[in-house]
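The values are calculated or read from the model by the stated rules, or taken from the named source; none is laboratory data. No experiment lies behind these values; they were computed from the predicted model shown. Every residue, glycine as well, gets a Cβ built from its backbone with ideal geometry; the counts of neighbours run over all protein chains shown. Note: areas computed on protein heavy atoms with side chains; ligands, DNA, RNA excluded. Shrake-Rupley method; radii C 1.70, N 1.55, O 1.52, S 1.80 Å.
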Amino acid sequence: MNAALGRDRSLPTREGLKRAFLDHLLYTQNKSLAIASRNDLYQALAHTIRDCMLRTWFDTASSYKAKHSRMVAYLSAEFLMGPYLGNNVLNLGLMDEVKAAIAELGLDFDDLANQEEEPGLGNGGLGRLAACFIDSLASLEIPAIGYGIRYEYGIFYQTIIDGWQVENTDKWLRYGNPWEIQHAEWSVEIKLGGRTETYTDDAGKFRVRWVPEKTVAGVPFDSPILGYRVNTANTLRLWRAEATEAFDFPTFNRGDYLGAVSKKVTSENLTKVLYPNDESDQGKELRLEQQYFFVSCSLQDMLRIQINRGQPVTEFHLAFAIQLNDTHPAIGVAELMRLLVDEHQIVWEQAWDVTRQTFAYTNHTLLPEALERWPLKLFERVLPRHLEIIYEINARFLNEVRIRFLGDESRLSRLSLIDESGERYVRMAHLACVGSSAINGVAELHSELLKRDVLADFYAMWPEKFTNVTNGVTPRRWIALSNPRQTSLVSRAIGNDWIKDFSRIKELEPFADDAGFAADWQAIKRDNKIELAGQLLQRTGIRVDPDSMFDVQVKRIHEYKRQHLAVLHIVALYHRLKSDPNLDVVPRTFIFGGKAAPGYHRAKLIIKLITSVGDVVNNDPAVRDRLKVVFLPNFSVTRGQRIYPAADLSEQISLAGKEASGTGNMKFAMNGALTIGTMDGANVEIREEVGADQFFLFGLTAEEVYALRARGYSPSDYYRNNAELHAVLDLIRSGFFSRGDANLFAPLIDELMHTDPYMLLVDYQSYVDCQGEVDRTYRDTQDWTRRSILNAARSGKFSSDRSIRDYAERVWKVGPAPVSS
Ligand SMILES: *Cc1c(COP(=O)(O)O)cnc(C)c1O
């Protein structure tokens with residue numbers, strides 16, 4: 001290798017960057033500066049930055065291969081990566097140089113970076129967690145590969161028309177994706193459908209063969225995942241479905257060429273679109289096919305790597321630690337058994353040992369409707385051989401249960417991998433638990449509730465398998481990249497080691513009492529708010545006051561997250577101001593954002609409620625200078641990067657016991673927002689870390705929710721006994737916010753008054769009182785700023801680097817394997 005050339009591309013000087021950029025403009029885009037579109041300029045810059053990463057990427061793969069490093073394989077149906085360009089420049093340590101080089105060409109870096117279409121290959125928190133985790137794995141120099149699906153259409157693009165959500169397809173690949181390299185040479189073949197046959201092999205052994213109805217090819221697309229300021233670039237490998245080489249030969253031979261080609265289109269449908277449901281499951285055949293497809297591709301890929309290294313497949317667990325991000329990839333347990341037993345002729349017992357030592361399972365939910373189960377008939381149609389394998393796993397497992405718990409028949413049916421209470425289902429969480437050596441929840445409270453509730457019977461079987469790993473988020477993207485003002489202020493105060501070792505952010509604590517620092521901190525928050533205000537005006541036409549309190553709730557729209565509880569508070573304030581126009585309230589801007597699943601009518605109605613209340617409040621001269629309500633469309637990673645740094649107040653108001661962890665709560669705290677929240681998910685730990693004075697707590701605890709439900713809960717009592725709540729619900733129900741249409745919000749309000757499954761009416765008064773406390777605190781700007789700084793300074797625990805260290809020690813038993821440069 002020509003060292004000078006390698007250096008030229010990997011560690012370019014400013015002149016080198018400019019030359020590479022102009023070269024790519026000409027040789028990749030075939031344009032000149034004079035006629036280039038903004039997209040041409042973005043593409044040229046992206047290719048320039050990509051060149052800087054390729055040597056590290058190549059060296060990393062070579063190093064892992066040479067050292068036979070044990071690799072973490074993170075299997076996730078979603079990776080919500082966010083835009084790559086800025087993050088890669090940051091992790092390369094080239095931000096200043098690149099900005100300067102681009103400026104010298106008369107261009108603006110941020111302007112070009114804003115051209116990038118973010119790969120929205122996830123719904124929300126779960127997919128974003130996978131993205132933070134692979135950033136941390138690379139930054140900690142842990143050998144790892146992320147495996148997922150290269151959806152042609154990611155999460156839909158949300159627009160708001162007449163106050164309602166409208167979904168548009170997300171054509172993120174339209175202008176090409178400069179961050180991926182296709183590796184057709186590592187394509188694999190996937191079987192689907194059909195039937196199984198038994199036969200006796202040459203050694204006289206009884207065997208099973210899967211005769212599929214169809215096959216599709218899986219083609220890997222790799223993206224480099226560069227760690228922060230290290231010489232490690234791991235891989236994100238996403239699979240695309242294509243027709244197999246010899247697609248449909250019989251049809252072809254009959255001369256029906258076009259008929260055969262149309263089957264090709266059918267194969268490609270497999271990875272066409274991401275299912276837009278968050279925290280629920282529709283049991284659709286194509287979704288099961290997607291899950292099996294990417295899991296089988298990934299396992300075959302890992303076996304290829306293992307065999308290439310000259311290692312026996314019986315030592316697979318020594319080469320790979322596979323983490324299942326929820327149950328979406330849980331079919332991997334049965335698939336690894338099939339590959340080992342049917343294709344590699346390993347005996348069942350040994351294959352099962354290998355499988356159990358390979359997998360670990362992360363549970364993400366306590367909501368029953370989100371626990372994946374597949375109708376047995378559907379499952380058998382798509383994966384006939386896997387159903388047989390699951391029956392065999394189940395028979396052996398239930399035998400173990402029978403011996404442990406003599407005569408406990410109901411325990412057997414509770415634990416079975418097959419739900420036989422009505423129509424029969426395959427229970428994916430059960431398959432994941434039985435096939436894994438470790439099971440974890442994603443926050444302390446969630447892990448405790450799992451042991452007590454959802455997975456109690458598995459806990460009784462194997463208490464030693466259970467552990468907690470509290471979620472985290474990467475401080476690179478969520479502070480260093482998205483909040484450059486705060487980043488440079490903090491680095492001036494304590495140096496910049498905190499970006500790599502986020503526990504050191506605690507060194508900021510003494511600055512909470514430094515008047516000069518506090519003034520700078522406050523000015524930065526204001527600048528971030530001005531910037532967000534500009535976006536809000538541009539995208540919604542609503543003008544907001546950057547000196548008002550920015551009260552923010554951004555996350556998927558879901559009843560359990562209780563966006564409508566925040567609306568009840570807004571309506572209560574509005575009602576008070578109308579009754580007493582001279583009332584002294586702190587001016588607030590309520591900012592909402594989030595997508596609703598397209599088929600989740602109540603969630604879509606909550607969006608309509610927010611926008612409708614906003615229409616009235618924002619245009620009422622009596623209140624509009626004091627209250628503003630904005631719904632920012634298409635909440636995404638890109639939008640989040642502007643929003644979290646501009647928030648004063650973070651709304652984390654789910655009913656206790658419903659939110660597994662939350663990660664948005666962590667991003668807000670790191671960026672200096674104070675939280676108003678319930679004792680739910682990671683809120684509990686955030687409050688513990690930042691201190692009760694820095695956290696506005698309200699609402700029932702999970703214990704109290706259980707107790708109230710057991711006693712019997714009657715929402716109408718709360719309606720009758722609380723005059724303001726009564727007035728608020730009546731006002732919405734009357735059609736006041738819907739131009740007199742008393743039917744529009746009836747489904748929401750009637751549910752609250754009759755069943756209220758998420759207990760908004762119980763927590764209402766506590767919430768509204770707590771908001772009063774928020775107001776009082778906010779009036780003392782110095783005090784608020786002090787608490788804001790303390791939030792950021794005490795958020796060290798919530799780096800995903802800490803989460804990954806926990807997994808590495810407790811679950812995967814792997815350590816760093818630095819790549820020498
Ligand atoms: C962090 C994040 C989420 C998760 O937010 P929660 O408040 O934890 O539900 C969802 N979507 C995007 C785009 C995010 O960045």
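Output the residues belonging to region 470-493 that are open to solvent by less than 30 Å² (accessible area, probe 1.4 Å) and farther than 17 Å from Tyr228 by Cα.
Result: Thr470, Asn471, Gln486, Leu489, Val490.
Tell me yes or no: at least one residue of region 200-217 is on the phi > 0 side of the Ramachandran plot, of a type in the set (Gly, Ala, Ser) and either buried (at least 18 other Cβ atoms within 10 Å of the Cβ) or in contact (Cβ under 8 Å) with a residue 24 or more places away in the chain (or both).
There is no residue in region 200-217 that is on the phi > 0 side of the Ramachandran plot, of a type in the set (Gly, Ala, Ser) and either buried (at least 18 other Cβ atoms within 10 Å of the Cβ) or in contact (Cβ under 8 Å) with a residue 24 or more places away in the chain (or both).
For the list (1) in the same structural domain as Thr13 (by TED's automatic domain parsing); (2) open to solvent by 10 Å² or more (accessible area, probe 1.4 Å); (3) in a helix (DSSP H, G or I), I need the number of the one condition that Leu107 fails.
(3)
Might you check whether a residue that is more than 18 Å from Gly772 (Cα to Cα), open to solvent by 10 Å² or more (accessible area, probe 1.4 Å) and touching a residue at least 60 places away in the same chain (Cβ under 8 Å) occurs anywhere in region 618-628?
yes
Got at least one residue in region 67-76 being open to solvent by 10 Å² or more (accessible area, probe 1.4 Å), touching a strand residue (DSSP E or B) at 6+ places or on another chain (Cβ under 9 Å) and in contact (Cβ under 8 Å) with a residue 12 or more places away in the chain?
Checking region 67-76: at least one residue is open to solvent by 10 Å² or more (accessible area, probe 1.4 Å), touching a strand residue (DSSP E or B) at 6+ places or on another chain (Cβ under 9 Å) and in contact (Cβ under 8 Å) with a residue 12 or more places away in the chain.
Could you check region 335-346 and list, in sequence order, the residues that are touching a Lys or Arg at 6+ places or on another chain (Cβ under 9 Å) and open to solvent by 40 Å² or more (accessible area, probe 1.4 Å)?
Gln345
Considering each of Gln165, Gln182 in turn, give the residue that is out of contact with any Leu (no Cβ under 9 Å at 6 or more places or on another chain) and crowded, with 18+ Cβ neighbours inside 10 Å.
After ruling out the rest, the residue left standing is Gln165.
Among the listed residues Asp51, Asp96, identify the single one that is within 19 Å of Arg14 (Cα to Cα), open to solvent by 50 Å² or more (accessible area, probe 1.4 Å), at pLDDT 95 or above and acidic (Asp, Glu).
Asp96
For region 137-162, enumerate the residues that are under 16 Å from the mean Cα position of the chain (by Cα), open to solvent by 10 Å² or more (accessible area, probe 1.4 Å) and either within 12 Å of the ligand (Cβ to nearest atom) or not charged (D, E, K, R) (or both).
Correct list: Ile155, Phe156.
Kindly indicate the residue of region 122-136 that is not polar (S, T, N, Q) and not in a helix (DSSP H, G or I) and also nearest to the ligand (Cβ to nearest atom) among those meeting that condition.
Among residues in region 122-136 that are not polar (S, T, N, Q) and not in a helix (DSSP H, G or I), the one nearest to the ligand (Cβ to nearest atom) is Gly124.
Only one of Ala673, Ala682, Ala702 is away from the ligand (no atom under 13 Å from the Cβ) and either assigned by TED's automatic domain parsing to the domain that holds His754 or at pLDDT 95 or above (or both); which?
Residue meeting the stated conditions: Ala702.
Determine, yes or no, whether Leu80 is in contact with a Lys or Arg (Cβ under 6 Å, 6 or more places away or on another chain) and touching a residue at least 60 places away in the same chain (Cβ under 8 Å).
When the stated conditions are applied, Leu80 passes them.
Based on what the data block shows, is Ser63 assigned by TED's automatic domain parsing to the domain that holds Thr232 and modelled with pLDDT of 95 or more?
no
Confirm whether Arg810 is open to solvent by 10 Å² or more (accessible area, probe 1.4 Å) and assigned to a helix (DSSP H, G or I).
So Arg810 fits the description; yes.
Can you tell which of Arg287, Arg304 is surrounded by fewer than 20 Cβ atoms within 10 Å (Cβ to Cβ) and without any contact (Cβ under 8 Å) to a residue 60 or more places away in the chain?
Arg287
Working only within region 631-647, note down all residues that are farther than 22 Å from Ser803 by Cα and open to solvent by less than 10 Å² (accessible area, probe 1.4 Å).
Residues satisfying the conditions are Leu632, Ile643, Pro645, Ala646, Ala647.
Residues being open to solvent by less than 60 Å² (accessible area, probe 1.4 Å) and either in contact with a Lys or Arg (Cβ under 8 Å, 6 or more places away or on another chain) or of a type in the set (Asp, Glu) (or both): count how many of those fall in region 515-535.
The number of residues fulfilling the criteria is 6.
Is it fair to say Pro818 is open to solvent by 40 Å² or more (accessible area, probe 1.4 Å), assigned to a loop (DSSP other than H, G, I, E, B) and in the same structural domain as Gly712 (by TED's automatic domain parsing)?
no
Based on what the data block shows, is Tyr84 within 16 Å of the ligand (Cβ to nearest atom) and open to solvent by 10 Å² or more (accessible area, probe 1.4 Å)?
For Tyr84, the condition - within 16 Å of the ligand (Cβ to nearest atom) and open to solvent by 10 Å² or more (accessible area, probe 1.4 Å) - is met.
Residues in region 376-389: is at least one open to solvent by 40 Å² or more (accessible area, probe 1.4 Å), touching a helix residue (DSSP H, G or I) at 6+ places or on another chain (Cβ under 8 Å), touching a residue at least 40 places away in the same chain (Cβ under 8 Å) and more than 18 Å from Thr196 (Cβ to Cβ)?
So far as region 376-389 goes, no, none of its residues is open to solvent by 40 Å² or more (accessible area, probe 1.4 Å), touching a helix residue (DSSP H, G or I) at 6+ places or on another chain (Cβ under 8 Å), touching a residue at least 40 places away in the same chain (Cβ under 8 Å) and more than 18 Å from Thr196 (Cβ to Cβ).
I'm told Ser410 meets every condition in (1) assigned to a helix (DSSP H, G or I); (2) in contact with a helix residue (DSSP H, G or I) (Cβ under 9 Å, 6 or more places away or on another chain); (3) open to solvent by 10 Å² or more (accessible area, probe 1.4 Å); (4) without any contact (Cβ under 8 Å) to a residue 24 or more places away in the chain except one. Can you identify the failing condition by its number?
Result: Ser410 passes all but (2).
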